[in-house]
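Remarks on the structure that follows.
Throughout, read-outs are computed from the coordinates displayed, never taken from laboratory work. Note that this is a predicted model, so its numbers are computed, not measured. Cβ coordinates were reconstructed from backbone atoms using ideal geometry, including for glycine residues, and neighbour counts include every protein chain displayed.
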Amino acid sequence: MSVRHVKIGAAQNAKCPVCGTKENRVLEKANGYTIHLCAVCGLQYAWPLELPDEFYEKVWSCELLKNEADYGERIKRLRQGEILRFSHPYHRKAIQILQRLCPRESTILDVGCGDGRFMMLLEKAGFKPVGCDVASEPVHLLQRLGLRVYCGSVTDYPAGWEAPVAVTVFEVLEHLPDPVGFLGDIRKQFPKAVLIASVPSPLRPAARFSRHEPFDYPPHHLLRWSLHA
């Protein structure tokens, strides 16, 4: 996951990071942010579009410290073959798409790999997974488990590694101040790669009735995607 820090601006200068328009209305305020609804594409975005310093590094460190036993056991069970039990429907759908579009044993890059569960699904399906994350804690854990993972963004892809034939980006775009720039980085770095991405559904009950979950507020989620956006 590539995190770009965007300069703070006044609320009246809020601009949609997807379509660029300044036509919007304020929906609510939370955690020092205002949340705007874009009048053109329907994206909901936080303003300022900015994350606290080392935000995800701190999030991961806190999670691992509080849930170390449970987290370690989950990873162990993933590596022992219980991946399907812990996988998401969009993971399984992505595997079907990749099996249709990509040769077996080809390299797939999972951006924002987190606990590595999709990388393990890729292994099980016969692909060669590589991953990256901006937080060092999960990267070091997965490296110790023998997975090829690096800390950083798409633009930090190790020079000696083979280029991936596909890039997956699950539940990442809602965290980013500059999603268009991030996707542009992927296309520039790997112009021929298949791209598969997912975001939290705007059709889930909580979102449809504006009862968003705590994690769907900034600074954790900076964006709430509409189908049009």
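Pairs exceeding a 21 Å alpha-carbon distance, out of LYS93/LYS128; LYS58/LYS124; LYS93/LYS124: LYS58/LYS124. Other residues whose C-beta falls under 13 angstrom from the C-beta of PHE170 contribute a net charge of -2, scoring Lys and Arg +1 and Asp and Glu -1. The residues packed around HIS221, meaning those with a beta-carbon under 12 Å from its beta-carbon, carry a net charge of -3 if Lys and Arg are +1 and Asp and Glu are -1.
Near ASP156: Cβ cut-off under 13 Å, other residues only, Lys/Arg at +1 and Asp/Glu at -1. The net charge is -2.
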